[in-house]
Amino acid sequence: MVGSLRSTIRRSDDPPIRQGEFVANSFDVIVLGGGPAGYILGLSTAVVEQDKLGGVCVNIGCIPTKALLHSAYIASILKESKEFGVEVSNIKTDYGVAMKRSRRVSDQNSKGVEFLMKKHKITVIKGTGVVQPGKKVKVGSDVHEAKKAVVIATGSRVKGIPQIGLEINKTTVISSDEALLLERVPDTLAIIGAGAVGMEFADIFQAFGVKVTLIEALPRILPIEDAESSDVLAKSYRKRGIDVIAGAKVTKATLGKDKVTLDIETGGGGEKKQVTAGAVLMAAGRAVNTENIGLKECGIQLTDRGFIKVDKNLQTTAPGYYAIGDVAGPPMLAHKGFREGAVVAEIIAGQKPHPIKYDNVPSVTYCHPEVASIGLTEDQCKEKKLDYVAGKFPFSANGRARGTGETEGFVKILRDKKYGEILGAHIVGAHASEMIHELAVARENEYTVEEVDLAIHAHPTMSEAVGEAALDSLGRVLHI
Ligand code: NAI
């Protein structure tokens, strides 16, 4: 595949076309970072990438974790299959096999991105790029020039907490990068942070027989989600044998040869305990890749939180330089980066794209049960003193969910009392990641809850619970 792409891929160690200060190549647009960047409409474009195309999402993020989560799902349904009239004896799990499958899935996706680059005649420059004044990007000794714009899409990386002794050492203190490549699982694992990464890996490792302790500093796991979603997940995880410790501060880590001991304070420092595990997985957030890429020299400023400062058109403080994806600010989600890429492409091509509504970016955690949401949480509605009503429908009352035995969770719709606006929507349950989009379309188009109810939901489907939650918020729920 790579061989067939030689005509379009240049490597930083390839002989430059012209050396030194001369411009090696000229494009309309140069994108720094080969993650979910855009196809630049009708413009000659180059993408500079030091590693595999597809970025974190395709290679060490979204795609391989979803493959592993599906392995975990198979392991857990097989354990209960007898009830469904399917008896399977001697169930064995092998993380190495699941890992290798997930790598194949990732590689297939990365090759897919390579294919798309070729199809859209985008030049891929292999190497580490540094932006330079005058809309230039230096890769090795080559300097490439962008006639219209440079787009910075360098993404983010995992981070440890070195101040308490938790520097990622890739053996006893690991990140998702290493977790995705393990041949064997440890017997015990402490996961620090119960955001999307922590939740998804707790699910995966527990299904592969690991004794997991999930530690979250804030008072509840999945703290950015609605409190009721966190409660369902905490209950579900505890039932599966995951030790969930929320409101917990890790004060010290002591690293042994093949174990780590964590000193933890809970209850506002009132209670102290120790957790010992064969390994610690750091899932306490990511750091953006803004260092050593020439930002300062180009006059590109950062925000107080370290993201690249952008205006509503995603242009940085230096005209002609744009930033998209994780480096441009939260939420650090692939689909937000995708959309920003498309919007910036349209802006550079002189079009007027539909502006991104950042409060309409759906959030999905692909653990089991899945958690998906859009808009405000109920606590945020209360903080904003909004006059709302919460409509709710549990999957335990949904025929399709009963049929598959996946009755955990609910759909909750927060409806503005006066105008019927969907202030927020929260789904916990099987396929929540798919069901949320009905509400994403509704919010983007400013449909009311009444209009969601007008849509006929096929029977029997999990999506009927969306219609029922809408009805509940109108005081007309039918099937409960
Ligand atoms: P995160 O910021 O979403 O969650 C980190 C969690 O760690 C927070 O709940 C935080 O309170 C907690 N934490 C921080 N310091 C801690 C400490 N010292 N002790 C205990 N807990 C501590 O970050 P995460 O999960 O690492 O994900 C990184 C980014 O990648 C996020 O923006 C996330 O949304 C995104 N991502 C999205 C996925 C998805 O959409 N399904 C999957 C994986 C990552």
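Among the helices (runs of 4 or more DSSP H) confined to the stretch 365-480, the ones with at least 3 residues that are modelled with pLDDT of 95 or more, charged (D, E, K, R) and crowded, with 16+ Cβ neighbours inside 10 Å are located at 464-473. From the set of residues in the stretch 217-237 that are among the charged types (D, E, K, R) and in contact (Cβ under 8 Å) with a residue 60 or more places away in the chain, which is nearest to K252 (Cα to Cα)? The residue in question is E225. Filtered by the rule that a residue be buried (at least 23 other Cβ atoms within 10 Å of the Cβ), out of contact with any helix residue (DSSP H, G or I) (no Cβ under 8 Å at 6 or more places or on another chain) and farther than 18 Å from G55 by Cα, the stretch 317-340 gives no residues. Within the stretch 285-333, track down each residue that is within 14 Å of the ligand (Cβ to nearest atom) and either touching an Asp or Glu at 6+ places or on another chain (Cβ under 9 Å) or farther than 26 Å from I224 by Cα (or both). Correct list: R286, V288, N289, F307, G325, A328, M332, L333. Going by the conditions given, is E183 touching a residue at least 60 places away in the same chain (Cβ under 8 Å), more than 23 Å from K252 (Cβ to Cβ), within 16 Å of the ligand (Cβ to nearest atom) and touching a helix residue (DSSP H, G or I) at 6+ places or on another chain (Cβ under 8 Å)? It is false that E183 is touching a residue at least 60 places away in the same chain (Cβ under 8 Å), more than 23 Å from K252 (Cβ to Cβ), within 16 Å of the ligand (Cβ to nearest atom) and touching a helix residue (DSSP H, G or I) at 6+ places or on another chain (Cβ under 8 Å).
For the stretch 159-202, a residue qualifies if it is among the hydroxyl-bearing types (S, T, Y) and in contact with a Gly (Cβ under 9 Å, 6 or more places away or on another chain), and the qualifying residues are T172, S175, S176, T188. The single condition among (1) small (G, A, S); (2) touching a residue at least 24 places away in the same chain (Cβ under 8 Å); (3) within 23 Å of I164 (Cα to Cα) that A323 does not satisfy is (3). The condition of being in contact (Cβ under 8 Å) with a residue 24 or more places away in the chain and outside any helix (DSSP H, G or I) holds for V130. The sole residue among S156, S176 that is within 12 Å of the ligand (Cβ to nearest atom), modelled with pLDDT of 95 or more and under 27 Å from Q301 (Cβ atoms) is S156.
Go through the residues of the stretch 202-218 one by one and say whether even a single one is within 10 Å of the ligand (Cβ to nearest atom), acidic (D, E) and either crowded, with 16+ Cβ neighbours inside 10 Å or modelled with pLDDT of 95 or more (or both). Checking the stretch 202-218: at least one residue is within 10 Å of the ligand (Cβ to nearest atom), acidic (D, E) and either crowded, with 16+ Cβ neighbours inside 10 Å or modelled with pLDDT of 95 or more (or both).
The values are calculated or read from the model by the stated rules, or taken from the named source; none is laboratory data. Owing to the predicted nature of the structure, the values given are computational and were not obtained by experimental measurement. Neighbour counts are summed over all protein chains in view; Cβ atoms, including those assigned to glycine, are modelled from backbone coordinates with ideal geometry.
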